[in-house]
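The values are calculated or read from the model by the stated rules, or taken from the named source; none is laboratory data. Computed from a prediction, not measured in an experiment: that's the story for all the values here. Note that each Cβ is placed from the backbone with ideal geometry, even for glycine, and that neighbours are counted across all protein chains shown. Protein only, heavy atoms only, side chains kept; ligands, DNA and RNA dropped before computing areas. Shrake-Rupley method; radii C 1.70, N 1.55, O 1.52, S 1.80 Å.
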Amino acid sequence: MRASRFPLFTSKDTPADAEIISHQLMLRAGLIEKLGAGLYTWQPLGLRVLRRVEQAVREEMDRIGALEVLMPAVQPAELWEESGRWSFYGPELLRLKDRHDRDFCIGPTHEEVITDYARREIRSYRQLPLTFYQIQTKFRDEIRPRFGIMRAREFLMKDAYSFHLDQASLEASYQDMRSAYTRIFKRLGLRFAAVGADSGAIGGSVSEEFMVLAESGEDEILSCSHCDYAANTEVGDGRSAGDACPQCSEGAIEIHRGIEVGHIFQLGTKYSEAMEAHVLDEHGEHKPMIMGCYGIGVSRVVAAAIEQNHDDRGIVWPTPLAPFDIGLVSIGADRSSAVAEAAERLYAELRDAGFEVLWDDREARPGVKFADMELIGIPHRLVIGERGLEKGEIEYRNRGAEDNENWPLDQLIPTLLERIGSPSSSSAG
């Protein structure tokens, strides 16, 4: 992609209302544009990152046999009244009426809708277990939306729901989902922890949160220095740093901060009993289906990744999340036909090799181009100019490095493949 045709809506100024680094950098790097309180337009650069998250989520959901659906965002009040959540959910539920004065809401989550779908389509235990998922925009009317995408009113979420005849089946699918979440966050290049958590308004007996570790996180996490024990402080029974681990008794409790990006629940029959979502078992008896619920904040992952990966110059994307694999910067192409031709050739060669390339072909000062590349965080930068061209060299710099390297121009593609791997491995994590 040429920057002359792919505008970089970058800014040197930090908006006054942007309190945390991800909000500041997403606005400055031109990933998002504010429309209103808690409402953002994803600009082309930001959408490329969002799609990377979606791709990883979708592939791992498909890998465990989950079936993708797409449910309506607007939900009839009758379903929420059946489950008992119409009055319980509170003012975060955005309610509205249609022209016939019927009550609806904009879905913050879809337990009621998927349960209604299941009771219509699933009749026999022979059809179970089944897991459905969607990637869809949600709306929660936050009393004080803040921190940009981190706590927005409108956001993109992957929500999945599983249906079972018995508890053993639910536990098996729960573990499959837990493994899928672990693979998702690993392949996106994030440092994270899975911790025991409170089920909140969703309900259920067992739940775990997936936390991206970052000092700016709103949640405190307890972990053991010796075993795999981890819990949100909400369910940590008042333990503090230095206390003995309740699981192994050998390690000491450590405190970290984290950002919730995923939550998995064993719901049981909370919704299926209330909404009479039954199946016939092997004896011909009606049984309420046992359910699981599994969410990932797709858009929040982007902000959390920035909170974990940045420096004083801008974003430092993990390679699997970056909007482009390589940033190509041409210097002096407007004055030198040799540079212009070399840059054009390199751009074509890189794309033919399978790399996604942002070529900064703008007539701008080198300092402006370098600053933009660092701000938007592309992992690998190549610079072609007259001086290097005369020496048969191209300048390479990793986004996380402090120094440049000079590579033989005629060995660029093999050197890239050796140093950073193939394009497919860089995008898949």
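Only one of A66, A56, A3 is under 30 Å from F163 (Cα atoms), in contact with a Phe, Trp or Tyr (Cβ under 8 Å, 6 or more places away or on another chain) and modelled with pLDDT of 95 or more; which? Let's see the steps before the verdict.
Working: A56 fails: in contact with a Phe, Trp or Tyr (Cβ under 8 Å, 6 or more places away or on another chain); A3 fails: under 30 Å from F163 (Cα atoms).
Exactly one residue qualifies, and that residue is A66.
Evaluate region 47-58: report whether one residue or more is touching a Cys at 6+ places or on another chain (Cβ under 8 Å) and of a type in the set (V, I, T). Scanning region 47-58, I find no residue that is touching a Cys at 6+ places or on another chain (Cβ under 8 Å) and of a type in the set (V, I, T), so the answer is no.
Out of A338, A353, A322, which single residue is over 18 Å from Q411 (Cα atoms) and open to solvent by 20 Å² or more (accessible area, probe 1.4 Å)? Steps first, answer last, please.
Numbers: A353 fails: over 18 Å from Q411 (Cα atoms); A322 fails: open to solvent by 20 Å² or more (accessible area, probe 1.4 Å).
Result of the check over A338, A353, A322: A338.
Take R191 and tell me if it is open to solvent by 50 Å² or more (accessible area, probe 1.4 Å) and in contact (Cβ under 8 Å) with a residue 60 or more places away in the chain. It is true that R191 is open to solvent by 50 Å² or more (accessible area, probe 1.4 Å) and in contact (Cβ under 8 Å) with a residue 60 or more places away in the chain. Please verify whether R48 is in contact with a helix residue (DSSP H, G or I) (Cβ under 6 Å, 6 or more places away or on another chain) and within 30 Å of P323 (Cα to Cα), treating the condition exactly as stated. The answer is no for R48. Number of residues in region 254-307 that are assigned to a helix (DSSP H, G or I) and open to solvent by less than 20 Å² (accessible area, probe 1.4 Å) equals 11. Listed by first and then second residue, the pairs with beta-carbon distance under 9 Å, at least 6 apart or on different chains, first residue in region 115-140 and over 15 Å from M291 (Cα atoms) and at pLDDT 95 or above, second of a type in the set (S, T, N, Q) and assigned to a loop (DSSP other than H, G, I, E, B), are K138/T109; R140/T109. Identification of strands (runs of 3 or more DSSP E) wholly contained in region 42-106 with 1 or more residues that are open to solvent by less than 50 Å² (accessible area, probe 1.4 Å) and not aromatic (F, W, Y) yields 74-76, 103-106. Does at least one position in region 144-166 carry a residue that is open to solvent by 10 Å² or more (accessible area, probe 1.4 Å), at pLDDT 95 or above, over 30 Å from T319 (Cα atoms) and out of contact with any His (no Cβ under 6 Å at 6 or more places or on another chain)? Scanning region 144-166, I find at least one residue that is open to solvent by 10 Å² or more (accessible area, probe 1.4 Å), at pLDDT 95 or above, over 30 Å from T319 (Cα atoms) and out of contact with any His (no Cβ under 6 Å at 6 or more places or on another chain), so the answer is yes.
Mind telling me which of the residues E344, E390, E349, E395 ends up being touching a helix residue (DSSP H, G or I) at 6+ places or on another chain (Cβ under 8 Å) and in a helix (DSSP H, G or I)?
Numbers: E344 fails: touching a helix residue (DSSP H, G or I) at 6+ places or on another chain (Cβ under 8 Å); E390 fails: touching a helix residue (DSSP H, G or I) at 6+ places or on another chain (Cβ under 8 Å); E395 fails: in a helix (DSSP H, G or I).
Answer to the check: E349.
Please specify each residue of region 69-91 satisfying the condition of being modelled with pLDDT of 95 or more and either of a type in the set (S, T, N, Q) or touching a Pro at 6+ places or on another chain (Cβ under 9 Å) (or both). If the condition is that a residue be modelled with pLDDT of 95 or more and either of a type in the set (S, T, N, Q) or touching a Pro at 6+ places or on another chain (Cβ under 9 Å) (or both), then Q75, S83 are the ones that fit.
One line per residue, one yes/no per condition, for (1) more than 30 Å from I32 (Cβ to Cβ); (2) at pLDDT 95 or above:
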position: K369; (1), (2): no, yes
position: G377; (1), (2): no, yes
position: N398; (1), (2): no, yes
position: E402; (1), (2): no, no
position: I413; (1), (2): yes, yes
position: E418; (1), (2): yes, no
position: S422; (1), (2): yes, no
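Being assigned to a helix (DSSP H, G or I) and open to solvent by less than 10 Å² (accessible area, probe 1.4 Å) is the requirement here; does Y174 meet it? Quick ask: steps written out before the conclusion?
Values: assigned to a helix (DSSP H, G or I): yes; open to solvent by less than 10 Å² (accessible area, probe 1.4 Å): yes.
For Y174, the condition - assigned to a helix (DSSP H, G or I) and open to solvent by less than 10 Å² (accessible area, probe 1.4 Å) - is met.
So that you can scan it fast, the table gives a plain yes or no per residue for (1) part of a helix (DSSP H, G or I); (2) closer than 30 Å to E285 by Cβ:
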site: V113; (1), (2): yes, yes
site: A118; (1), (2): yes, yes
site: T131; (1), (2): no, yes
site: I135; (1), (2): no, no
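Annotation note: Cβ proximity below 7 Å between a residue of region 216-237 that is acidic (D, E) and a residue that is at pLDDT below 90 and part of a helix (DSSP H, G or I) (sequence gap 6+ or interchain) occurs for E220/T233. With respect to E78, determine if the residue is over 22 Å from E142 (Cα atoms), acidic (D, E) and in contact (Cβ under 8 Å) with a residue 40 or more places away in the chain. It is false that E78 is over 22 Å from E142 (Cα atoms), acidic (D, E) and in contact (Cβ under 8 Å) with a residue 40 or more places away in the chain.
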